[in-house]
1. Convert each backbone phi in the stretch 8-17 into a coupling constant with the Karplus relation 6.51 cos²θ - 1.76 cosθ + 1.60 (shift: θ = phi - 60°), then list the ³J(HN,Hα) values in order as whole Hz, x for Gly and Pro.
2. Spin-label point model (7 Å from Cα, Cβ direction): what's the LYS301 to ASP59 distance in nm?
3. Tell me, what HN-Hα J-couplings in whole Hz come from the Karplus equation 6.51 cos²θ - 1.76 cosθ + 1.60 at θ = phi - 60° for each residue of the stretch 225-240, using x for Gly and Pro?
4. With a 1.4 Å probe and all protein chains kept in place, how much accessible area does LEU177 have, in Å² rounded to the nearest 10?
5. May I ask for the distance between the Cα centers of the stretch 168-187 and the stretch 38-79, given as a whole number of Å?
6. Could you work out the longest stretch of the chain that avoids the trypsin sites (Lys or Arg not before Pro) located in DSSP loops with at most 11 other Cβ atoms within 10 Å?
7. Round to the nearest 10 and give me the degree value, 0 to 90, for the angle of helix 249-258's Cα axis relative to the longest principal axis of the chain.
8. Sequence gap at least 6, Cα distance under 8 Å: using those rules, report the relative contact order of the stretch 209-290 to the nearest whole percent.
Amino acid sequence: MKQTLKVNCEKEYLIEISDNSFEKLNQEINEATKGQKRLIVISKKVYKLYYTRLNFSEDEIFVLNDGEKEKNYKNYLKIIERAKQIGLTRKDVMIAIGGGVAGDITGFAASTYMRGIEFIQVPTTLLSAVDSSVGGKTAIDLADAKNVIGTFYQPKAVFINTNFLATLDKKQFMSGLGEVLKYAFIEESCGHTNPLYLFEFLTLGCEKIMQKEPLTMIRMIEYCLSLKIAVVNQDEKEGGLRKVLNFGHTLGHALETITKYNKFTHGEAVAYGMYFIIKWAYNHEYIGYAYYRLSMELLEKYGFKPLKKKFQKEKLIELMMKDKKASEGKITFIIPCDKKKVREIKLTPIEAGYMFDE
Ligand code: GLY
């Protein structure tokens, strides 16, 4: 099965979601890069598991170690140097095969190499399939600040092949599901033309999703990306609407940073952030009891739980103030304000501190 979606922002491109064979994936990548030299940046894990089936030449491969720590300027420079060494010109292309780390750093390298060359995303994790591979955010990190160096630079195409998900471990799969659930809470704020009923799809389809049933995976990724595309088409550079995609992320990012990216996966941290803000929204009467309960049940159905461990609230606030989305001395939260609708609020550090006392 194959689904195709189209992004229509400043640059148009296609996203293919399929369970095609790897042979077919090779063919499609070859067609999309016909006549071009290529630098293929591939995550080490994916290289080990799939190299023989992906059938690329060693000469065009750059193997990137896994983990957020690898999304740094040293690896960025190594990618650029490799591109130069194999003679990539302005007409050529970079391809990222892996999770968000490979996608973000390759996108950034492609956007800056010779002032920008084409790049293709082949996300191999659920998290990168439903989020970072689409929408054109590219980045590298500094030691204490994630994604502070980056560009908005859309790929030429995105090939999502659900066969890669078979070898994704439970923790990484759950991380992707954290982002998937986020879309259920923001559906009606995305400006998508027709209802997808993602909340209901996820509630009813939990069993098949947890079994990674191929057609259900394709449908689920298609729904999530349809919502993301609707947002990106209206607000590519995050002037306003795109902030809805940050639901659960304000606390989520702070939890990732305070634990040095060692304790929680991204999606898990976002799930804690969603629990936190949904409870707060209910306590402050932004949402009623029925939706509050349904929301809790959806998160629990997928095995997510509210955060038990206590972190020093002053440190969390400090980190949230350093977030890219904080402005004018205030912290931005995306809060649920109705069923499947969210909106942005800004709180001073003192006001945000009270949230942790409830
Ligand atoms: N990951 C959120 C965005 O792409 O805007």
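1. Rounded to whole hertz, the list is 10, 8, 3, 10, 8, 7, 9, 10, 10, 10.
2. 5.3
3. Karplus values, whole Hz, x for Gly and Pro: 6, 4, 5, 4, 4, 4, 5, 5, 4, 8, 8, 4, 9, 6, x, x.
4. It works out to around 0 Å².
5. 24
6. On the way: sites that count: LYS34, ARG90, LYS91, LYS260, LYS308, LYS309, LYS310.
It works out to 92-259.
7. In the chain, helix 249-258 runs at an angle near 80 degrees to the longest axis.
8. On the way: 50 pairs, mean separation 16.2, N = 82.
Dividing the mean separation by the residue count of the stretch 209-290 yields 20 percent.
The values are calculated or read from the model by the stated rules, or taken from the named source; none is laboratory data. The model shown is predicted, which means the values in this text are computed figures rather than measured ones. Positions of Cβ are backbone-derived with ideal geometry, glycine not excepted, and every protein chain shown enters the neighbour counts. For accessibility, only protein heavy atoms count, side chains too; no ligands or nucleic acids. Shrake-Rupley method; radii C 1.70, N 1.55, O 1.52, S 1.80 Å.
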